[in-house]
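Before any comments, here is the structure.
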Amino acid sequence: MRTSIPTTFACAVLLASTGLGTSPLHAQTNEDPLSAIDWLSDVVREAPSAQPKAIAPDSDVATSATATQVTTMTLGQLKLDAVGLLPRASTGLPADFWARSSVKDLVPALRNLRGDLPPPLSQFLTTLLLAELPAPVDSTDGAEMFLARVDKFLELGALDQAQALLARAGPTRPILFGRWFDVSLLTGQEDQACTSMLQTPAIAPTYPARILCLARTGDWDAAALTLNTGKALDVISDKEDALLARFLDPELFEGEPFLPVPDRITPLNFRMHEAIGEPLSLGGLPHAFAYRGLSETNGWKARLSAAERLVRTGAVAPDTLFSLYAERSPAASGGVWDRARAVQDFDAALSSGDAERIAKKLTPVMRAMRSAGLEHAFSQSYGPKLLNIQLTGRPAQNAARAGFMSKDYEIAANSGAAKVAPALWSAVAKGQTLGVTSDDALEAAILAGLSAMAPPPAFASLLEERRLGEVALLAITLMADGARSDPADVERGLAALSQMGLDDVARQTALHMLLTRPHA
């Protein structure tokens, strides 16, 4: 991926046709709460204030997003908003990617991104969220940008990524602890979180959280005493009391009807319902809860369904799903069972090396994957392997399709796959679109965007001021509908990515649109 970024462009305002208004990244008001996640557990009694500190008139902190001197600090001095896992050397992103923009612009834009982005844009977003980069110009100790990054992962169900970010930042900080505790509950690592809760004076847990943790650490008497104290002080509701009482002594309630489903399901009461043998259905719950479905304590079908759901959001790697498909023999037919059987049959054919056998099993498995919204995942796992197999007819076309949709799309464009694929796919994959034309609206937009020699007016002023993070988030927003996006937005979005040197992201996104359009 190229990392050079043009530094001088003409100023312009965002085109009204984007539908995002004159301030493209202000999709929410400044009065929005710190967290957009409404299912977080109430585990800390007094949440710390996250209000920005006032900036003195003579402060060295910039009050505009125009070019400023970017300073660097040792890790111990870094603001939370700058914490990440991927160093710049691995992302190719410039040091000032976020630094010239305001948290007030970036956070609402990040929150408003859809959770079902086209996979290339979803993968790009994951890189942005994990990147270790200098904080936005007006970053404060409130860590709003960091929390927005974590919350986006929670929204997608990407708990491993959220947990890793929180661990890197120091999860026992009061401002972060609630999220770390919830993630730990859903990943089955609550014992460590409970130990930290009970041993960290700065954390004041709520009564239900303290009761859970006292019990998890073996102090059942203290847990029961805390429950009685909470009831006496009238800080534990009747519904909480009923759940906590069963959690502490389930034998007293044997034979009684199950408790009603909580009005508001949180990781805390979700895990307590599991503990008392009254698990709540994952259906209809946010993606983060689906992570619990991956647990080996669940049945194979539940694990497969959870993995498929999380692969679609980009929360887990495709290989996780395809390993699960291979675990055992399908017990029935229909739905996930048919997909598991199709993958197993194809895996067996692929292992045999018999081209005729592979050809026979490839079409059914790709049809099954595409109908379930998992074609991209299949292509990422199998596309590169299929490029090395000599196939003909429809199987060859399917193999080419998987190859162009995989990370090896450039190799596909220079292999035999190019002979059975539309010429446009190869032109896009190679980045050789200059001079290529099409009468189709989407194709013409893709070609214009990838061949643009200057940024679209909608982005010119942002790029001139090097508000690069805003440009990236806006480009993602414009193309969030994939092949169904407005062609004018596709052209602008691809041109913006290309002008920032993000050619790899732009080409993969363009190919995904071409490959997944309704008649493709």
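The values are calculated or read from the model by the stated rules, or taken from the named source; none is laboratory data. What you see is a predicted model; the values in this text were computed from it and never measured. For neighbour counting, all protein chains shown are included, and Cβ atoms are generated from backbone atoms with ideal geometry for every residue, glycine included. When the accessible area is computed, the model is the full protein with side chains, heavy atoms only, and any ligands, DNA or RNA have been set aside. Shrake-Rupley method; radii C 1.70, N 1.55, O 1.52, S 1.80 Å.
Computed quantities for the displayed model
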item	result
Unmet requirement for Thr217, which otherwise passes all of (1) open to solvent by 10 Å² or more (accessible area, probe 1.4 Å); (2) closer than 30 Å to Gln123 by Cα	(2)
Failed condition for Thr437, given (1) over 27 Å from the mean Cα position of the chain (by Cα); (2) open to solvent by less than 50 Å² (accessible area, probe 1.4 Å)	(2)
Number of the exception - Asp96 against (1) within 23 Å of Leu176 (Cβ to Cβ); (2) modelled with pLDDT of 90 or more; (3) open to solvent by 10 Å² or more (accessible area, probe 1.4 Å)	(1)
Residue list for the stretch 228-273, filter: open to solvent by less than 50 Å² (accessible area, probe 1.4 Å) and among the charged types (D, E, K, R)	Asp241, Arg246, Arg271
Residues satisfying the stated conditions in the stretch 422-434, i.e. of a type outside the set (D, E, K, R), open to solvent by 20 Å² or more (accessible area, probe 1.4 Å) and under 29 Å from the mean Cα position of the chain (by Cα)	Trp425, Gly431
Count of residues meeting criterion [within 22 Å of Arg264 (Cβ to Cβ) and either at pLDDT below 95 or open to solvent by less than 60 Å² (accessible area, probe 1.4 Å) (or both)] in the stretch 195-214	10
Residue match in the stretch 300-312 (condition: over 22 Å from Gly115 (Cβ atoms) and not polar (S, T, N, Q))	yes
Residue list for the stretch 453-464, filter: surrounded by fewer than 18 Cβ atoms within 10 Å (Cβ to Cβ) and in contact (Cβ under 8 Å) with a residue 12 or more places away in the chain	Ala454, Pro457, Ser461
Residues of the stretch 187-243 classified as outside any helix (DSSP H, G or I) and in contact (Cβ under 8 Å) with a residue 40 or more places away in the chain, total	5
Test for Arg168: is it assigned to a helix (DSSP H, G or I), open to solvent by 20 Å² or more (accessible area, probe 1.4 Å) and within 30 Å of Val311 (Cβ to Cβ)	yes
Answer residue from the stretch 342-399, given it is over 33 Å from the mean Cα position of the chain (by Cα) and charged (D, E, K, R) and is surrounded by the fewest Cβ atoms within 10 Å (Cβ to Cβ) among those	Glu356
